[in-house]
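Below: one structure, written as structure tokens.
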Amino acid sequence: MHKSYEVATTPSTQPASGTKLIMIVDDDPVFRKLTGGFIEAQGHEVVEAENGLEGLKKLRETEPDLILCDLSMPVLDGIEFVEEVSLEYPSLPLIVVSATDEMADVAQALRFGIKDFLPKPITNPDHLAGAIENTLYDSDNHLCDQRDFASQWFRIDSGDVPEEQELHWHLEYLQDNPSAAKDLLHALLPDKDTAQGDWKCNYRLLQSTDVMPLVYDYAWLMNGQFAFYIVDSASEGQYGAATTLLVRALFHDYLRNLKSFNADLKDIADLLEKGMECAECASPVKAMFGIADVSEGTLSLLPAGLDAQWSNGYFSQHIAAGAKLGEHCIKNFITPDLPIQAACQLTLGCLGSSSFSLDIFRGGSA
């Protein structure tokens, strides 16, 4: 449930209508002063803390609408602070400000639900203003709990794909900094083991750190389905990282808006390709999509440019790559209702750079 945060003020210091209270948590007094001055010039109020521990103390004294925090701080660092805030104040939005060499830490913070990140130094104040206003808008409209950070970047909401999308500055930044993009995608890989009821899924991924990675992600649905995708972010074009993040945003947005309906592979592929058509920063990529219906004990696969091999210990089947995602992969043949039996495995790889395997099994069968 969304929890609202009202600014704790006395009548004499009550902010003007529309004014928000923003907390800056950073050990650099110059950054706090410059950033605080800019935020106040935008019509908001500011409270400062010089480290994560002081930030937590001030959170108990006042209730900001938004937190802007650094990751590298003494006493209680930014990751620990973000984790604490996400547990104690799950609906309070955070924006992380990070030096560019901390991309793995940024990705970890993104997992805790931060809504945006800004690389230090902030060279364009419009980026800061846009991040603040977009996040506050989402919070005011009860969207903060629903949006994945990638959905925030692409401004995706309620299953609707914008008719037109400009290249977001985050994606331009990742395009200009390929090592940062690579680190971000590596660090966003989910937990290796997951389970629902008697069913368990785990994956193994071996890949070179010198190339853009294979990216895997998944979600359990209330009806017992396990939906997943694999994307080779080493796109032939220049937008591999941006396209992979767009896939992440659209995939999770599609599943969030399913409610009680079953996920459908063709619907997922259709939505993703429509989204790619609308985004100037997308290019065709190799991918694979799957839905395991554990209540029925079956797995269905839609290839989109990636070859794979499936086996349940009794039968095996080759899954041909077909057309890439972004090149009308919907025409590819879906392999439906493969029997999981007690356990099954899906394997694929990119020659010389990566190998991936996914095991789906009941209890201790694997």
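The values are calculated or read from the model by the stated rules, or taken from the named source; none is laboratory data. Computed from a predicted structure; not experimentally measured. Glycine gets a Cβ as well: all are built from the backbone with ideal geometry, and neighbour counts include every protein chain shown.
Test Lys266 against the stated conditions and say whether it is surrounded by fewer than 18 Cβ atoms within 10 Å (Cβ to Cβ) and either in the same structural domain as Leu358 (by TED's automatic domain parsing) or assigned to a strand (DSSP E or B) (or both). Considered against the rule, which asks whether it is surrounded by fewer than 18 Cβ atoms within 10 Å (Cβ to Cβ) and either in the same structural domain as Leu358 (by TED's automatic domain parsing) or assigned to a strand (DSSP E or B) (or both), Lys266 comes out as yes. Given the structure, is Val75 at positive phi and modelled with pLDDT under 90? When the stated conditions are applied, Val75 passes them. Of all residues in region 287-311, those satisfying the criterion of being in contact (Cβ under 8 Å) with a residue 60 or more places away in the chain and assigned to a strand (DSSP E or B) are Met288, Phe289, Gly290, Ile291, Ala292, Asp293, Leu299, Gly305.
The set of residues in region 334-355 being within 23 Å of Val211 (Cα to Cα) and among the hydroxyl-bearing types (Ser, Thr, Tyr) consists of Thr347, Ser353, Ser354, Ser355.
Only one of Asp105, Asp126, Asp160, Asp138 is surrounded by 17 or more Cβ atoms within 10 Å (Cβ to Cβ) and either at pLDDT below 75 or within 25 Å of Glu45 (Cβ to Cβ) (or both); which? I'd like the intermediate steps shown before the answer.
Working: Asp105 fails: either at pLDDT below 75 or within 25 Å of Glu45 (Cβ to Cβ) (or both); Asp126 fails: surrounded by 17 or more Cβ atoms within 10 Å (Cβ to Cβ); Asp160 fails: surrounded by 17 or more Cβ atoms within 10 Å (Cβ to Cβ).
Just a single option satisfies the conditions, and that option is Asp138.
If the condition is being within 27 Å of Asp140 (Cβ to Cβ) and in contact (Cβ under 8 Å) with a residue 40 or more places away in the chain, then region 48-75 contributes Glu61, Thr62, Glu63, Pro64, Asp65, Leu66, Ile67, Leu68, Cys69, Asp70. If I ask for residues that are modelled with pLDDT of 95 or more and surrounded by fewer than 18 Cβ atoms within 10 Å (Cβ to Cβ), which ones from region 285-299 would you list? The answer is Thr298, and nothing else. Sub-6 Å Cβ pairs linking a first residue in region 179-203 that is under 16 Å from Gly297 (Cα atoms) to a second residue that is among the basic types (Lys, Arg) and part of a strand (DSSP E or B), at least 6 apart or interchain, are Asp198/Arg362; Trp199/Arg362, ordered by first then second residue.
Within region 312-346, the set of residues being crowded, with 16+ Cβ neighbours inside 10 Å and assigned to a strand (DSSP E or B) comprises Ile319, Leu325, Thr335, Leu338, Ala343, Cys344, Gln345, Leu346. Scanning region 214-254 for residues being surrounded by fewer than 16 Cβ atoms within 10 Å (Cβ to Cβ) and of a type outside the set (S, T, N, Q) gives a total of 4.
Kindly indicate whether any position in region 21-42 is of a type in the set (Val, Ile, Thr), farther than 30 Å from Leu171 by Cα and at pLDDT 85 or above. No, every residue in region 21-42 fails to be of a type in the set (Val, Ile, Thr), farther than 30 Å from Leu171 by Cα and at pLDDT 85 or above.
Would you say Cys281 is in contact with a Phe, Trp or Tyr (Cβ under 7 Å, 6 or more places away or on another chain) and crowded, with 21+ Cβ neighbours inside 10 Å? Steps first, answer last, please.
On the way: in contact with a Phe, Trp or Tyr (Cβ under 7 Å, 6 or more places away or on another chain): yes; crowded, with 21+ Cβ neighbours inside 10 Å: yes.
Against the criterion (in contact with a Phe, Trp or Tyr (Cβ under 7 Å, 6 or more places away or on another chain) and crowded, with 21+ Cβ neighbours inside 10 Å), Cys281 qualifies.
If you go through region 232-251 one residue at a time, do you hit one that is under 14 Å from Ile360 (Cα atoms), in contact (Cβ under 8 Å) with a residue 60 or more places away in the chain and of a type in the set (Lys, Arg)? So far as region 232-251 goes, no, none of its residues is under 14 Å from Ile360 (Cα atoms), in contact (Cβ under 8 Å) with a residue 60 or more places away in the chain and of a type in the set (Lys, Arg).
Whether any residue in region 215-236 is in the same structural domain as Val285 (by TED's automatic domain parsing), in contact with a strand residue (DSSP E or B) (Cβ under 9 Å, 6 or more places away or on another chain), among the acidic types (Asp, Glu) and not in a strand (DSSP E or B) is what I want to check.
First, the residues of region 215-236 that are in the same structural domain as Val285 (by TED's automatic domain parsing): 215-236.
Subsequent filtering for residues that are in contact with a strand residue (DSSP E or B) (Cβ under 9 Å, 6 or more places away or on another chain) retains 215-221, 223-236.
Filter once more, so that each one left must be among the acidic types (Asp, Glu): 217, 232, 236.
Checking which are not in a strand (DSSP E or B) leaves us with 236.
Looking through region 215-236, at least one residue is in the same structural domain as Val285 (by TED's automatic domain parsing), in contact with a strand residue (DSSP E or B) (Cβ under 9 Å, 6 or more places away or on another chain), among the acidic types (Asp, Glu) and not in a strand (DSSP E or B).
Against the condition modelled with pLDDT under 85, within 23 Å of Ser179 (Cα to Cα) and crowded, with 17+ Cβ neighbours inside 10 Å, how does Leu110 come out, does it pass?
Working: modelled with pLDDT under 85: yes; within 23 Å of Ser179 (Cα to Cα): yes; crowded, with 17+ Cβ neighbours inside 10 Å: yes.
When the stated conditions are applied, Leu110 passes them.
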